[in-house]
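The values are calculated or read from the model by the stated rules, or taken from the named source; none is laboratory data. It should be emphasised that the depicted structure is a prediction, and the values quoted were computed from it without experimental measurement. Counting neighbours? That spans all protein chains shown, and the Cβs are built from the backbone with ideal geometry, glycine included. Calculation scope for accessible area: heavy atoms of the full protein, side chains included, ligands and nucleic acids excluded. Shrake-Rupley method; radii C 1.70, N 1.55, O 1.52, S 1.80 Å.
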Amino acid sequence: MLETNISLIHEQLNIALKHAKNDKELENSLKQSFKVEYVKFSYGSKEPYLIIADRKITQENLDFLAIIKKLKENREKEAQQNKKGLER
């Protein structure tokens, strides 16, 4: 039985979170990183999860609140940059 490499997932998440502003961008980045067709990031359910191909990762292994916070920060950062661009 294959085990899920959580440290690799953390590493690729950190790379994806440098630019992703929403769950779809995060999913697309992870699809490219892992060369898979299916990635699902779900945080609105009782138990948040991340599925990469056929592997389900739960909050036991990932800090979903930190991921959501980083996506929000990226959106706010982009909004500020856009606002500065409009002011010029």
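Between 0 and 90 degrees, the angle of helix 6-16 with respect to the longest Cα principal axis of the chain falls at about 20 degrees. The fraction of accessible area contributed by carbon and sulfur in the chain is 48 percent, rounded to a whole number (1.4 Å probe; ligands and nucleic acids excluded). Taking a point 7 Å out from the Cα of residue 53 in the direction of its Cβ, the residues of the stretch 21-37 whose backbone N falls within less than 20 Å of it are 26-37.
Here the dipole of the chain is about 440 debye; that uses its Cα centre as origin and unit charges on the Cβ of Lys and Arg (positive) and Asp and Glu (negative). Beyond 29 Å between alpha-carbons counts as too far, so tell me which of 40/69; 46/84; 31/83 fall in that bin. Violating the 29 Å Cα-Cα cut-off are 46/84; 31/83. Using Cα springs under 10 Å in a Gaussian network model of the chain, which residue among 50, 65, 30 shows the largest mean-square fluctuation? Maximum among the listed residues: 65.
Working from label points 7 Å from Cα in the Cα-to-Cβ sense, the residue 6 to residue 24 distance is 3.2 nm.
Put simply, the amide H of residue 57, placed in the peptide plane, has neighbours under 5 Å in 50, 51, 52, leaving out anything fewer than 5 places away on its chain. In this structure the chain gives 75 Å² per residue of accessible area when probed at 1.4 Å with all protein chains present.
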